[in-house]
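Worksheet: the structure to be examined is printed underneath.
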Amino acid sequence: MNDFPATAPHWLGLNDRVCVVTGAAGGIGTEVARQLLGAGARVALLDLDGAQAARALDTLGAPPERAIALGCDVSSEASVQAAAEAVRRQLGPAQVLVNNAGALYAGALLELPIERWNQLLAVNLGGYLLCAQQFGRQMREQGGGSMVHVGSVSGSVPQPFSGAYSVSKAGVAMLSRLLAVELAESRIRSNLVSPAMIRTPMSEGIYAQDAVRTLRERIVPAGRIGTPADIAQAVLFLASDQAAYVNGQEILVDGGLTQTWLGLIPRPGFQKEDAAAPAAVQA
């Protein structure tokens, strides 16, 4: 049984704040909820699969006055509105929103049915807006709050044959910045966390292949694949008062991966073995 004190002070200053996490039944969402509870927050776990959200909540061991689980289709305005009302009724008005719900479908753009394109954008981008609208209004009533959106490195680096995924995450990045500007007068901050190569139940099939896992680990400067905890720690920082002067920004949580691109391109004379060789001496 985890210990989630309601009043013990925590350095993040999230004690008793009402925090909403979407996509909370997934690896990253559940870990974000876990760490928020550990920081003293009250947490609403929202997921399309309400039963899965309830099971995730059971694993956290939080008492009912500290956390609730709700089914919510973030692509439906009516569903998001109902979830927002339930959060207000059971925990109080939201003060933190973690937009994390998402979908990923494989597909080449020239063959991608427009229905599939629209379906993914409705979840990954439209869903973020709907949640920002509903819970942002509650934050405005409280005099401020914080939104943290989970994006992806593929929002700035194209991820081919993944349908609308990269486009949706690029849209999330701009949405976060726009929210930061428009909501500043209401003292609501909006920031983005962009992961790369995180091992979750959704991606487990990839990492089950030893050769693939080894190759991925080799190209990441950190020498390992990321975990949901790596993402959750960045999310909690941005959600907290410790990041009170951080707004409209993006934190890449990728183990340094995005800094390696030029180093992967063959450049005779400018590679590791060339740098290690003694310089030529002119006579």
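Some observations on this one:
- Which listed residue is without any contact (Cβ under 8 Å) to a residue 40 or more places away in the chain, over 20 Å from the mean Cα position of the chain (by Cα) and under 22 Å from G144 (Cα atoms), from R89, R66: R89
- Scanning the stretch 221-232 turns up one or more residues that are within 30 Å of E141 (Cβ to Cβ), in contact with an Asp or Glu (Cβ under 9 Å, 6 or more places away or on another chain) and either surrounded by 19 or more Cβ atoms within 10 Å (Cβ to Cβ) or at pLDDT below 85 (or both).
- Some residue of the stretch 243-250 being exposed (fewer than 15 other Cβ atoms within 10 Å of the Cβ) and either aromatic (F, W, Y) or modelled with pLDDT under 95 (or both): yes
- Evaluating T200 against the criteria (1) surrounded by 15 or more Cβ atoms within 10 Å (Cβ to Cβ); (2) touching a strand residue (DSSP E or B) at 6+ places or on another chain (Cβ under 9 Å); (3) under 18 Å from V32 (Cβ atoms) leaves one unmet condition, (2).
- Contact annotation: residue pairs with Cβ atoms under 9 Å, 6 or more positions apart or on different chains, pairing a residue in the stretch 15-34 that is without any contact (Cβ under 8 Å) to a residue 60 or more places away in the chain with a partner that is of a type outside the set (A, V, I, L, M) and buried (at least 24 other Cβ atoms within 10 Å of the Cβ), are D16/R42; A25/D47; A33/C19.
- Residue list for the stretch 42-63, filter: among the small types (G, A, S) and more than 19 Å from the chain's Cα centre (by Cα): G50, A51, A54, G61, A62
- Hits in the stretch 234-250 (condition: in a helix (DSSP H, G or I) and more than 10 Å from V193 (Cα to Cα)): L236, F237, A239, D241, Q242, A243
- Verdict on L183 being hydrophobic (A, V, I, L, M, F, W, C), over 19 Å from the mean Cα position of the chain (by Cα) and farther than 23 Å from V246 by Cβ: no
- Count - residues of the stretch 40-62 that are touching a Cys at 6+ places or on another chain (Cβ under 9 Å) and either among the β-branched types (V, I, T) or surrounded by fewer than 20 Cβ atoms within 10 Å (Cβ to Cβ) (or both): 2
- E217 passes every criterion in (1) in a loop (DSSP other than H, G, I, E, B); (2) free of Cβ contacts under 8 Å to residues at least 60 places away in the same chain apart from (1).
- Within the stretch 187-196, if we keep just the residues that are more than 9 Å from H149 (Cα to Cα) and crowded, with 21+ Cβ neighbours inside 10 Å, the residue that is modelled with the lowest pLDDT turns out to be P195.
- Picking from residues in the stretch 127-186 that are among the charged types (D, E, K, R) and free of Cβ contacts under 8 Å to residues at least 60 places away in the same chain, the one that is surrounded by the most Cβ atoms within 10 Å (Cβ to Cβ) is K169.
The values are calculated or read from the model by the stated rules, or taken from the named source; none is laboratory data. Treat the numbers as computed from the prediction; the structure is a model and nothing was measured. Note that we place each Cβ from the backbone using ideal geometry, even for glycine, and neighbour counts take in every protein chain shown.
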